[in-house]
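The values are calculated or read from the model by the stated rules, or taken from the named source; none is laboratory data. All of these numbers come straight from a predicted model, not from anything done at the bench. Reconstructed Cβ throughout: ideal geometry from the backbone, glycine too, with neighbour counts over all protein chains shown.
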Amino acid sequence: MYRFIRLVLFTSLVAGNGLPIARSHEHGLNAQPAGEQKSSTPAGQDPWRAILSHSSLTVGDRMLIKELRPWLDPEDYRALDPRRRKQLLLYASNRLHGAQPLARCWAPDTPESLLFAFHSVEEAAIARRQTRKANQFFKRWSRTANDGAGQSVQGQPITLSWSIVPDGTPIEGNPAIGDSDDPSSLRARLAEIYGGDDGPPAQQPWFPILQELFDTIGAQIGISYRYEPNDDGRPLDAINRGKRGVRGDLRIGGHAIDGSGDTLAYNYFPDHGDMIIDTSDDWFENVSENSLRLVNTLAHEHGHGLGLEHVCPVDNTKLLEPLINTGFRGMQFDEIYTLQRWYGDAFERHGEARDNDSLARACELEVLPGSPFSLQWLSIDDNADIDYFCFPVAAGSQLSARIIPSEAVYLEGPEGGQGCSAGAIFDSSNRHNLALQLVDQAGQVLATSDAAPAGEPEEFTRITIPGGGKHFLKITGDETDAAQLYRLEIDLMEPAAMIEAHRVVIVNESYAPANGRIEPGETVELGIELTNVGGVPGENVRATLSAPDMPDRITGFTTTREYGRLPPQEVVGRSFILAVHGECGDILSLQLAVEAENGFSRLIPVEMALGEITVLLEEQFGDSGGSPLPPGWASGVTGSGTGWTRSDAGNLSVRAETPPALGTSFLTSPAVNIGSEDTVVRFRHYLDTEASESNAEAGFDGGVLEVSRDGGAWEDIEDAGGRFTEGPYNRILSEAYQNPLPGRRAWSGSLGWVTSVVRLPAGLASSDLRFRWILGHDTSEAEEGWYLDDISVSSASCAGTRPIVRMDLINGEASEFLPQGLAQLNFSTPLPSGTDLTLPLLTAGSATPGEDTRSLDQVLFPAGTSRLELTFRPIRDRKAEGMEILEISLDPSLVVPQGISVAVVTIADTPYGAWAHPRLGPGPASSPDSDFDLDGWLNLEEYAWQSDPASPQSRPVPGIRRAGNFLYLDFPRDSLPPFLSVRVETSDDLKTWTDQPAESLPDGFRLPLNGPQGFLRLSYEEVFPP
């Protein structure tokens, strides 16, 4: 049988210093045993020869010393007085060869040589067993009151019962401990501290402390704890096993051990977990922090009762370090890891099952749709362990699951090795390479995630479950015979539409030649296809495209589209039309807001580049491979600068700090040749540096960007001609506090994550450029610093495309005379224009725009339209021009013409012009108001009389005669040209003429002779249709 473990007092001061135990001889501690001089071993001689030759040693003593030599420092042995030496050898005999091995622990004020000497015995005992399958483990339980015998299977959960012995239960003292033979008085002692009586333990005020302790441990490992209310008072030793209804496997009692200090309690190893607490120690009277001292003492001792050995180094990270610790509560990662290796995790035991290694024995979980679910403290405990978890799922539900390996990395090592070892790095994250599968009831694998390396999470997201019913998650490890702790996260969504972008394509472009790219100023039709990866149809799906961060960069024409009903797994596309503004090489960040019934909404990012972008340098500061910076990147400092190193912030970046001292940190890029095309430097950064609170333009600490061409001097990016288009410098660094970058424009203050974009000038073309980011800080306050990420240098080229304009001739017959004689041309573009477009019209022919028609120099195609109707009437200029021709075309150097190449418009003259032009020709003399032949008759009068306007001999001959009381004016009215008006006017003085009512006759006019004497005349006028 196995004896016990002792736990010693560790004061709060010592517990909190975080220092490992140091060897006495390393610190000059030379305590000498009373009445004995410390022997000295000449250099080069074996110190053990003198020790083994001492006359006080028996043959058996010498054999034990030889067994301890690999672990025991001879100086520690020599530092012991004869009594302690004898006790050390008895302790060694007990641990190495005894039937009831025990371990002991010491108070922090114990001489270090004494502490290390006894620790070497424990390490020698561990080495003899050679059973270590996890961190510092001695032996697991092989039989319990609940499970019976045959429980030695590694990784198999057990059930342990625990009971409180009644006061008066015999406890025989052990000479190796030096405790009393007093019977148990634990209940009385606890009543003194917490109150209570001699009633059942479960009714005492201190009982919840113990109950909570076992509940907490049981939730972390594969051991179920059952409180046994009965205890028959049999002696508390390593003989009386647990028995259902009689006594617990773990019996807790106490009596006087050694008073305050030194030993607090001791505990038996499995298969005996009995615990004896020192009821004479005032350590437990401090009940602060919910009785932390008592709880950690009980948890530490019970760790031994489960098989845990002491673990080093003493750095206040593990409960089973040799000295008690009150810097945390309960078992820590190292204890949980080791116990799960031996007993499995808490979910191995469920119902009557003691494993979850198959579909039939899967652990059922209560996973509710819409409520993220997670389990901590799970493990694959060896190379054969499998974890199955199951839960009901409705058909069409969406499942996301992730397993996250434990991340604890710490120093861990055995107690001993000639002192408490410094330990070695124990990385708990990569003991196994885990894999995750989704399995249905038939065992068919629906999804697998196993591509991540050991130590990295495995996950799948939004897996649509095709059929309802119970489904399983299967977690496996590799062939490593070790334990791997992990966390399981599950997110189950009820059957619902889950809409995401399937594809974004350019369907149409307003510029030609169409090249599948977006040019600055161009209008494009984007085809955005959505797909429903959910389990139910999306109803009344609507999507809106916008640019919330840069609204001035687009002009939207069709930005909201109805997708209607979107069944699962189907793809539906709709077109969005927008004009894009910016410069070649710009990258625009748009977002598509998708909504559907039942509250579904999602923002989908859509990124658009103007032109063709060639990335010359790109760095996202991802996987480091162990180096502080990527290849080709360099960090430097001046003064107290910290330099640039990788950081986890912003999904991995690099960071420079701003200490409260003078200095700079600069990050230099590899050289990059930018060629002759437009070049853009783009990066994302987070800034938190000291800046003035009273002056928004002043900064105290801040960063700048510089450039060097062909290995030359460094210049600020703006001084070199760079132009910021996004995220420019925001302050000027003060010269008052010794900042190394005084008076410079810079980024300073608190900016959060922003994107900066700078365009390089043509003067830097075809150069080898290096860029460096410099963070300068003064001697004042420190802030978080500067983070850089997603740095890129890219060139861009945009095609020499031109707007597409189509011209169609709707009516090419115009007239100066007829009202319907309007010329009509239609101009159209494939898509609306984002800006006003002046149509570049070219004209030819006999007609002259601006004289014969309106001017065609400034015909504006308005922004936002895709069709323009151009109508015009020829100008009535009272010129005899006859039929004219106007040819209209689009300038192909400025637009890409489509439709008809030349629009031919014929312009018909007025009836007079059509009569006069062939007789008189063009020119002023042929106008209606001219007298071409100088015969005294105007051209229009001769047109009315149909005489020859070019011959003086041919002229009108009006006839005037009197008959009765009427005056007759003979005029060939029946042959009067159409659209010509002739009227009679009279005057008394040949100055003022008035219309005279006259009777129209087929061959002239008749006027009554009833007025005063006067003059009359005929007035001719062209009459245009309304």
Members of region 488-532 that are under 19 Å from A796 (Cβ atoms) and charged (D, E, K, R): E509, R517, E519, E522
Checking E519 against (1) farther than 30 Å from V895 by Cα; (2) touching a residue at least 40 places away in the same chain (Cβ under 8 Å), the condition it does not meet: (1)
In region 550-586, residue surrounded by the most Cβ atoms within 10 Å (Cβ to Cβ) [restricted to those that are closer than 28 Å to R462 by Cβ and aliphatic (A, V, I, L, M)]: L566
Some residue of region 523-540 being in contact with a Ser or Thr (Cβ under 6 Å, 6 or more places away or on another chain), charged (D, E, K, R), under 17 Å from G573 (Cα atoms) and assigned by TED's automatic domain parsing to the domain that holds R574: yes
S855 vs. criteria in a loop (DSSP other than H, G, I, E, B) and free of Cβ contacts under 8 Å to residues at least 12 places away in the same chain: yes
Cβ pairs under 9 Å, 6+ apart, first in region 859-872 and under 10 Å from L837 (Cβ atoms), second polar (S, T, N, Q) and surrounded by fewer than 13 Cβ atoms within 10 Å (Cβ to Cβ): V859/T838; L860/T838; F861/T838
Yes/no for T560 being more than 30 Å from F683 (Cα to Cα) and polar (S, T, N, Q): yes
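Going by the conditions given, is W786 farther than 30 Å from E509 by Cα, surrounded by fewer than 17 Cβ atoms within 10 Å (Cβ to Cβ) and outside the structural domain of T848 (by TED's automatic domain parsing)?
So W786 does not fit the description; no.
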Residue that is nearest to A762 (Cα to Cα), among those in region 728-739 that are surrounded by fewer than 21 Cβ atoms within 10 Å (Cβ to Cβ) and modelled with pLDDT of 95 or more: P728
Residue satisfying all of: in region 932-984; free of Cβ contacts under 8 Å to residues at least 24 places away in the same chain, charged (D, E, K, R) and buried (at least 18 other Cβ atoms within 10 Å of the Cβ); nearest to P1008 (Cα to Cα) among these: E942
Qualifying residue in region 402-411 (condition: surrounded by fewer than 20 Cβ atoms within 10 Å (Cβ to Cβ) and in a loop (DSSP other than H, G, I, E, B)): yes
Residues (in contact with a Lys or Arg (Cβ under 7 Å, 6 or more places away or on another chain) and closer than 18 Å to R723 by Cβ) located in region 756-793: V757, V758, R759, L764, S767, L769, S792
Single residue of G702, G641, G675, G663 found to be surrounded by 23 or more Cβ atoms within 10 Å (Cβ to Cβ) and out of contact with any Lys or Arg (no Cβ under 8 Å at 6 or more places or on another chain): G641
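Considering only strands (runs of 3 or more DSSP E) fully contained in region 538-618, which possess at least 3 residues that are touching a strand residue (DSSP E or B) at 6+ places or on another chain (Cβ under 7 Å), farther than 20 Å from T679 by Cα and hydrophobic (A, V, I, L, M, F, W, C)?
Details: elements: 538-546, 554-558, 560-566, 571-580, 587-595, 601-609.
Ranges flagged: 538-546, 571-580, 587-595, 601-609.
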Close pairs from region 379-393: first assigned by TED's automatic domain parsing to the domain that holds I404, partner part of a strand (DSSP E or B) and of a type in the set (K, R), Cβ under 7 Å, at least 6 apart: I386/K474; Y388/K474; C390/K470; P392/K470
Residue list for region 172-200, restricted to those being of a type in the set (V, I, T) and in contact with a strand residue (DSSP E or B) (Cβ under 7 Å, 6 or more places away or on another chain): I177
Residue within region 999-1018 that is surrounded by fewer than 12 Cβ atoms within 10 Å (Cβ to Cβ), closer than 26 Å to T910 by Cα and not assigned by TED's automatic domain parsing to the domain that holds L818 present: yes
Top-ranked residue in region 644-659 [being of a type outside the set (G, A, S) and modelled with pLDDT of 90 or more; ranked as surrounded by the fewest Cβ atoms within 10 Å (Cβ to Cβ)]: T645
The one condition in (1) charged (D, E, K, R); (2) at pLDDT 95 or above; (3) within 23 Å of the chain's Cα centre (by Cα) that E500 fails to fulfil: (2)
Residue tally, condition buried (at least 16 other Cβ atoms within 10 Å of the Cβ), under 31 Å from the mean Cα position of the chain (by Cα) and not in a strand (DSSP E or B), over region 380-401: 2
Matching entry among A442, A452, A447 (being under 21 Å from D381 (Cα atoms) and small (G, A, S)): A452
Qualifying residue in region 584-592 (condition: among the hydroxyl-bearing types (S, T, Y), in contact with a Gly (Cβ under 9 Å, 6 or more places away or on another chain) and assigned by TED's automatic domain parsing to the domain that holds V505): no
Any strands (runs of 3 or more DSSP E) falling wholly within region 752-820 and containing at least 3 residues that are of a type outside the set (S, T, Y): 768-777, 783-797, 802-811
Whichever residue in region 527-546 is modelled with pLDDT under 95 and among the aliphatic types (A, V, I, L, M) and, among such residues, is surrounded by the most Cβ atoms within 10 Å (Cβ to Cβ): V536
Test: residue in region 514-526 that is in a loop (DSSP other than H, G, I, E, B), in contact with a helix residue (DSSP H, G or I) (Cβ under 6 Å, 6 or more places away or on another chain) and surrounded by 18 or more Cβ atoms within 10 Å (Cβ to Cβ): no
Within region 326-346, tally of residues that are more than 16 Å from S428 (Cα to Cα) and either surrounded by fewer than 24 Cβ atoms within 10 Å (Cβ to Cβ) or in contact with a His (Cβ under 8 Å, 6 or more places away or on another chain) (or both): 6
Residues of region 101-123 satisfying the condition of being modelled with pLDDT of 70 or more and acidic (D, E): E112, E122, E123
Residue match in region 691-714 (condition: under 31 Å from the mean Cα position of the chain (by Cα) and among the β-branched types (V, I, T)): yes
Boolean, R602 is under 30 Å from T464 (Cα atoms) and charged (D, E, K, R): yes
